[in-house]
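Scroll down for the structure; my scribbles are underneath it.
The values are calculated or read from the model by the stated rules, or taken from the named source; none is laboratory data. Only a predicted model underlies this, so the values are computations on that prediction, with no experimental measurement involved. Neighbour counts are summed over all protein chains in view; Cβ atoms, including those assigned to glycine, are modelled from backbone coordinates with ideal geometry. All accessible areas refer to the heavy atoms of the entire protein, side chains included, with ligands and DNA or RNA removed. Shrake-Rupley method; radii C 1.70, N 1.55, O 1.52, S 1.80 Å.
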Amino acid sequence: PSFSAGACCCNREGRATEQMDGVGEVTAFLTKLGLEQCVQAVVHNGFYTSMEALRGATYEELVDSGVRPGHAKLMLSELSNAGLSTAPLSVSSDPAGGEVAAFLRSVGLEACQGSLDGAGYSSVDALSRATLNELVGVGLKPVHARLIMSSLDTVHGDGAAG
């Protein structure tokens, strides 16, 4: 079997891990999300060696394992979209244009503010109409664009405005 560079099958001492089936599932899940860089934190630091264990993880536990806040929220969002529920994110409306900033803070992606401002995304409503390709096109990393879209689905339901 071949393994990607980000998914080592050995621990730091060089011993092969015994739970490759579960680790393989977790690695495949993270890879699907574009979060290959999180394998070390999730599997080795957090000991989430199966999807069942990962489904039981909380936001705080993932962050404590070394997963970035935005990445932890994306993982939990994807796990909840697969039939598990998590508390919905809430966004308060700020007429001074801070609505997008507040939303980005709520998902741990404040660093994306400049790219979104520069592209003219001045409201969460405008942001919710963006496509993944449009968000990537303004300079966001694909994983961050997916997190924004997934979080907007959670906040706005189907994204339809009336």
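Worth pointing out:
- Filtered residues of the stretch 51-74 (kept if open to solvent by 60 Å² or more (accessible area, probe 1.4 Å) and under 17 Å from Val143 (Cβ atoms)): Tyr59, Arg68
- If you filter the stretch 6-65 down to residues that are acidic (Asp, Glu) and at pLDDT 80 or above, you find that the one that is farthest from Leu147 (Cα to Cα) is Asp21.
- Residue pairs meeting the criteria (Cβ under 9 Å; at least 6 apart or on separate chains; first under 14 Å from Pro69 (Cα atoms) and modelled with pLDDT of 85 or more, in the stretch 85-112; second assigned to a helix (DSSP H, G or I) and open to solvent by 80 Å² or more (accessible area, probe 1.4 Å)): Leu104/Glu110; Leu104/Ala111
- Candidates Ser115, Ser122 - the one that is modelled with pLDDT under 85 and not β-branched (Val, Ile, Thr): Ser122
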